[in-house]
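The values are calculated or read from the model by the stated rules, or taken from the named source; none is laboratory data. Just so you know, these numbers come straight off a predicted model, no measurement behind them. Neighbour counts run over all protein chains shown; Cβ positions are idealised from the backbone, glycine included. To get the accessible areas, we keep the full protein, side chains included, count just its heavy atoms, and leave off ligands, DNA and RNA. Shrake-Rupley method; radii C 1.70, N 1.55, O 1.52, S 1.80 Å.
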Amino acid sequence: MKDFIWNVDTKIMFGKDFLKDLPNEIQKYGDRVLITYGGGSIKTIGLYDKVIKVLKKANIFYKELGGIEPNPRVESAREGVKIVRENDLNFILAIGGGSVIDLSKLIAGATFVDADPWKIVIKEEKIEKALPIGTILTLAATGSEMDAGGVITNPETKQKLGFGSPYTTPKFSILNPETTYSVNERHTAAGVADIMSHTMENYFTLNDGAYLQNRLAEAILKTCIHYGPIALNNPTNYDARANIMWASSWAINGLLNTGKDTNWSVHAMEHELSAFYDLTHGIGLAILTPRFLNHILDDSTVDMIRDFGINVFNIRPTNDKFVDAKKSIGALHEFFEQQMHIPMTLEEVGIDDEHLEEMAKRAATHAGGTIKGVKQLTSEDILEIYKKSLY
């Protein structure tokens with residue numbers, strides 16, 4: 001295991017009754033707030049009114065940026081920076097899922113950069129200071145409520161890229177599982193797939209001696225496998241929503257990749273799909289992951305994939321390691337398709353072979369020529385995985 005430093009400064013308030021503490025938490029850092037949110041579901045479920053009520057009672061000034069897109073777009077960050085500067089705001093309250101929180105992180109950093117926010121995403125500018133951020137989570141998926149990173153889309157350039165800075169880690173996050181009761185089946189399933197993908201990107205590594213991290217990863221995966229179908233069948237099951245929400249935070253807050261080299265492979269490939277087709281991120285990850293595992297299965301990876309099936313899906317081991325590894329991959333595919341009702345081909349989500357070669361080349365280019373994960377993937381490898389995912 002490699003040396004590491006792990007530090008997460010986010011204060012987590014997990015449960016039903018922490019909204020009353022929101023003003024006190026905000027006032028530790030500021031008193032003029034930008035509220036960010038997405039398509040308006042927070043108004044439908046009554047959360048918006050509750051937040052506004054507690055802010056007004058505490059005489060906290062606020063402005064709003066609503067309508068933040070899934071696969072959040074850089075033009076919304078530009079608008080957010082404008083609102084912050086025009087109103088001298090000093091705190092951002094992100095109410096929503098990963099898209100809202102990711103965009104809020106970019107606004108927080110871009111406010112202090114004398115350049116277009118996209119320059120931060122493409123690494124031409126660096127965040128040296130950021131507005132403090134708090135979050136109220138309404139969708140368990142990305143883990144952005146407890147980490148420093150985000151992913152932003154630029155439709156003009158057809159790019160979807162990650163960025164991050166220690167300065168954009170949320171100061172606090174309110175996690176009430178009840179706020180996810182209204183999440184529909186598709187997005188619940190996509191969220192579970194996203195959590196599992198984050199976990200697997202950290203889990204699928206070779207010879208790093210990170211035994212503890214891998215066992216923790218398996219626990220998160222088993223939690224998703226157990227509670228994902230329950231949340232689909234009974235959306236107001238508190239224990240299901242709570243365990244999925246907590247798994248989301250721990251899948252990507254840095255715990256699982258401490259002491260490991262984890263160059264994420266499937267995310268790099270999926271970002272091209274959602275950049276070109278605005279595909280729901282978790283759906284793309286679910287489609288690609290089994291094909292990726294099949295593609296990298298060889299003598300060097302067979303034990304890793306076999307152990308995944310034995311420890312996570314309770315595959316009964318045989319004397320044929322490759323048969324067991326194939327069963328492991330099949331179990332993952334079947335879970336996504338049969339239990340989470342996720343479409344498992346690109347054709348089903350409206351993607352054909354028109355842009356596959358271009359996307360494969362861009363995925364490799366954005367990764368520095370090859371995707372350097374558990375197995376290096378060239379553009380030819382990526383194209384093959386895309387093709388195997390079509391039907």
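Things to note:
- Among the residues examined, L55 does not qualify as in a strand (DSSP E or B) and farther than 30 Å from Y203 by Cβ.
- Scanning the stretch 76-92 for residues that are without any contact (Cβ under 8 Å) to a residue 60 or more places away in the chain and either assigned to a helix (DSSP H, G or I) or under 23 Å from the mean Cα position of the chain (by Cα) (or both) yields S76, R78, E79, G80, V81, K82, I83, V84, R85, E86, N87, I92.
- Look at the stretch 176-203: where a residue is modelled with pLDDT of 95 or more and outside any helix (DSSP H, G or I) and a partner is open to solvent by 20 Å² or more (accessible area, probe 1.4 Å) and of a type in the set (A, V, I, L, M, F, W, C), sitting 6+ places away or on another chain with Cβ atoms under 6 Å, you get S182/I45; V183/L139.
- Any hit, the stretch 53-66, residues being open to solvent by less than 40 Å² (accessible area, probe 1.4 Å) and within 28 Å of K160 (Cα to Cα): yes
- Within the stretch 240-277, being in a helix (DSSP H, G or I), open to solvent by 10 Å² or more (accessible area, probe 1.4 Å) and farther than 28 Å from N176 by Cβ holds for A268, H271, A275, F276, Y277.
Residue by residue, here is whether (1) open to solvent by 20 Å² or more (accessible area, probe 1.4 Å); (2) modelled with pLDDT of 95 or more; (3) of a type outside the set (V, I, T); (4) assigned to a helix (DSSP H, G or I) holds:
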position	(1), (2), (3), (4)
D299	yes, yes, yes, no
I305	no, yes, no, yes
N314	yes, yes, yes, no
P317	yes, yes, yes, no
F322	yes, yes, yes, yes
K326	yes, yes, yes, yes
E334	yes, yes, yes, yes
P343	yes, yes, yes, no
E348	yes, yes, yes, yes
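Results for (1) open to solvent by less than 10 Å² (accessible area, probe 1.4 Å); (2) within 15 Å of the chain's Cα centre (by Cα), shown as yes or no for each residue.
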site: A110; (1), (2): yes, no
site: T138; (1), (2): no, yes
site: G143; (1), (2): yes, yes
site: T157; (1), (2): no, no
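- Residue count for the stretch 278-297, restricted to those that are out of contact with any Phe, Trp or Tyr (no Cβ under 9 Å at 6 or more places or on another chain), of a type outside the set (S, T, Y) and in a loop (DSSP other than H, G, I, E, B): 2
- Any hit, the stretch 206-226, residues being over 20 Å from I371 (Cβ atoms), open to solvent by 20 Å² or more (accessible area, probe 1.4 Å), modelled with pLDDT under 95 and in a loop (DSSP other than H, G, I, E, B): yes
- Residue match in the stretch 286-296 (condition: of a type in the set (S, T, Y) and either open to solvent by 40 Å² or more (accessible area, probe 1.4 Å) or within 19 Å of P229 (Cβ to Cβ) (or both)): yes
- In the stretch 350-361, the residue that is farthest from F308 (Cα to Cα) out of those that are open to solvent by 50 Å² or more (accessible area, probe 1.4 Å) and assigned to a helix (DSSP H, G or I) is E358.
- Matching residues in the stretch 1-50 - criterion: being in contact with a helix residue (DSSP H, G or I) (Cβ under 7 Å, 6 or more places away or on another chain), open to solvent by less than 90 Å² (accessible area, probe 1.4 Å) and in a helix (DSSP H, G or I): L19, L22, P23, I42, L47, Y48
- Selection status of I68, assigned to a loop (DSSP other than H, G, I, E, B), touching a helix residue (DSSP H, G or I) at 6+ places or on another chain (Cβ under 9 Å) and under 30 Å from A190 (Cβ atoms): yes
- Selection from the stretch 378-391 of residues that are under 19 Å from W264 (Cβ atoms) and touching a His at 6+ places or on another chain (Cβ under 8 Å): D381, E384, I385
- Of the candidates V113, V151, the single residue that is touching a Leu at 6+ places or on another chain (Cβ under 9 Å) and either assigned to a helix (DSSP H, G or I) or hydrophobic (A, V, I, L, M, F, W, C) (or both) is V151.
- Selection count, the stretch 374-389, where residues are open to solvent by 10 Å² or more (accessible area, probe 1.4 Å) and among the hydrophobic types (A, V, I, L, M, F, W, C): 2
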